[in-house]
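Just below is one structure, and these are the notes that go with it.
The values are calculated or read from the model by the stated rules, or taken from the named source; none is laboratory data. Please read all numbers here as calculations on a predicted model, not as lab measurements. Reconstructed Cβ throughout: ideal geometry from the backbone, glycine too, with neighbour counts over all protein chains shown. Remember, those area values only see protein heavy atoms, side chains included, never the ligands or the DNA or RNA. Shrake-Rupley method; radii C 1.70, N 1.55, O 1.52, S 1.80 Å.
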Amino acid sequence: MRIKVLKIIVWLSLAAVLGGGLYYLQLSNRHKAIVKTTLLAKLGLSGDWQVSYGARQTDFYSPLFYVDNIYTSMEGPKAMRGFQINPTDSSLVWVNGFETSVMAADGITELSKDFMCHTNMDYYDQSYYSKWQIPNRIGSNYPRLATLTNGMESYRYPEGFGFPIRADEFLYLSTQVLNHNLKGLLFGLRHKVSIFHEADGPELKPLRPLTVFMMLPYDPLFPFDNEAAKDDPSVCIPVETKNHNYEDAEGVRRSGHWVVFPGKQIYRNDITAQLEIKDSLQVHHIATHLHPFATGLKLINATTQQVLFHAKAVNHKDRVGLEKIVEYSDATGFTLYTNQQYELVLETDNTSGERQDMMASMFFGIYDADLDARLKARFEN
């Protein structure tokens, strides 16, 4: 009887392994990465986050990522965690810059930044704006504090500006691996994420994060079969319909992650509604997120046809990837007005000969007059 039970257990185990293997093989590259990363973490083979706290810089070292495949944008292994700039300090600090470096498994040797897809830092807007007694801000815009990306792995706010936050207030960090070029290898790496900050002072001016992004309409009934998108940049084929999928005020389905075909193309998207300008906005910083084969993203005043900022992108000549995306950082800044229209214009040059995926976003740092008045009142009283 015992032998029969053991045989049944063995056969059930083999069936489970075989079924699990078949299921795994049918997964997309992105979901395979999720399974592998989760399994390695459960087995204790990837380690945990490490943190180094400093007076002007806080560094986070990710768990070990294993690169074993080609991972295009949004596909690679990733890690996420809540964090504090300093859990033992409740004083106000001003975040003024960000940087992500790619390190070898030893955490010391620096590797190519081509292995960094993106690093996102979010704040908890309900907690943050409740403390500043500005409840109308809650839920008004996606609470993204920063995005670092391949081609823009670091940036700084202009001198005298920053994002004020208590050092022990919680933020949220995620970082993801990219590998467009190396096949047939297995190696480990870590992401070192640095947040730069300075002490509180009456001369500092607050910036409020504001995200805008390109999203193009697609056919929800036949999302992946629209061949018209090859010649018509006003529509798109989405990469998928689960993530980065939106519905506009007219009920039109739109994708923020879509397919670009070989050759050159220009995409346009009105972002006036995303800006939600109630009075005017003074922009002092812009970080841009693009994918390879983008050559530039323009912010245009569609009413006057003035190009307010052109985030030029330089692609590598000998491999897939972005070498540099131009940053905007200026203490004077420029103004967006409530009675005018604005759009993003994306230029792409897909030289690969095959379809590629694309995203295009700008992350503004705008002067926060309301919060500034509250901050300055502390020193006046």
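Within segment 364-376, is there a residue that is more than 30 Å from residue 230 (Cβ to Cβ), within 24 Å of the chain's Cα centre (by Cα), at pLDDT 95 or above and among the hydrophobic types (A, V, I, L, M, F, W, C)? Steps first, answer last, please.
Pass one, segment 364-376, residues more than 30 Å from residue 230 (Cβ to Cβ): 364-376.
Checking the rest, the ones that are also within 24 Å of the chain's Cα centre (by Cα) come to 364-368.
Now drop any that are not at pLDDT 95 or above, which leaves 364-368.
When the remaining residues are screened for being among the hydrophobic types (A, V, I, L, M, F, W, C), the result is 364, 366.
Yes, segment 364-376 has at least one match.
Is it true that some residue in segment 222-232 is farther than 27 Å from residue 285 by Cβ, open to solvent by less than 50 Å² (accessible area, probe 1.4 Å) and touching a Phe, Trp or Tyr at 6+ places or on another chain (Cβ under 8 Å)?
yes
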Of everything in segment 50-72 that's open to solvent by 10 Å² or more (accessible area, probe 1.4 Å) and of a type in the set (S, T, N, Q), which residue is farthest from residue 201 (Cα to Cα)? 69
Is there any pair with a first residue in segment 263-277 that is of a type in the set (Gly, Ala, Ser) and a second that is open to solvent by 30 Å² or more (accessible area, probe 1.4 Å) whose Cβ atoms are under 8 Å apart and which are 6 or more apart or on different chains, and what are they? 263/349; 273/248; 273/249
Hey, can you tell me all the residues within segment 313-360 that are in a loop (DSSP other than H, G, I, E, B) and among the hydrophobic types (A, V, I, L, M, F, W, C)? 320, 326, 359
Across segment 292-342, which residue is nearest to residue 352 (Cα to Cα) among those that are in contact (Cβ under 8 Å) with a residue 40 or more places away in the chain and of a type in the set (Asp, Glu)? 323
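Would you check if residue 284 is in contact with a Pro (Cβ under 8 Å, 6 or more places away or on another chain) and buried (at least 17 other Cβ atoms within 10 Å of the Cβ)?
On the way: in contact with a Pro (Cβ under 8 Å, 6 or more places away or on another chain): yes; buried (at least 17 other Cβ atoms within 10 Å of the Cβ): yes.
When the stated conditions are applied, residue 284 passes them.
Working only within segment 58-112, note down all residues that are among the aliphatic types (A, V, I, L, M) and assigned to a strand (DSSP E or B). Steps first, answer last, please.
We begin by selecting, within segment 58-112, every residue among the aliphatic types (A, V, I, L, M); these are 64, 67, 70, 74, 79-80, 85, 92-93, 95, 102-105, 108, 111.
67, 79, 80, 92, 93, 95, 102, 103, 104, listed by residue number.
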Can residue 154 be described as surrounded by fewer than 22 Cβ atoms within 10 Å (Cβ to Cβ), of a type in the set (S, T, N, Q) and closer than 23 Å to residue 358 by Cα? yes
Assuming residue 259 fulfils every condition listed in (1) over 27 Å from residue 153 (Cβ atoms); (2) out of contact with any strand residue (DSSP E or B) (no Cβ under 6 Å at 6 or more places or on another chain) apart from one, which condition is it? (1)
Only one of (1) touching an Asp or Glu at 6+ places or on another chain (Cβ under 6 Å); (2) modelled with pLDDT of 95 or more does not apply to residue 186, and that is (2)
Return a yes/no flag: does segment 234-250 have any residue that is closer than 22 Å to residue 359 by Cα, open to solvent by less than 60 Å² (accessible area, probe 1.4 Å), of a type in the set (S, T, N, Q) and modelled with pLDDT under 95. yes
When you scan segment 174-183, do you find a residue that is out of contact with any Asp or Glu (no Cβ under 8 Å at 6 or more places or on another chain), modelled with pLDDT under 95, part of a loop (DSSP other than H, G, I, E, B) and open to solvent by 50 Å² or more (accessible area, probe 1.4 Å), even just one? yes
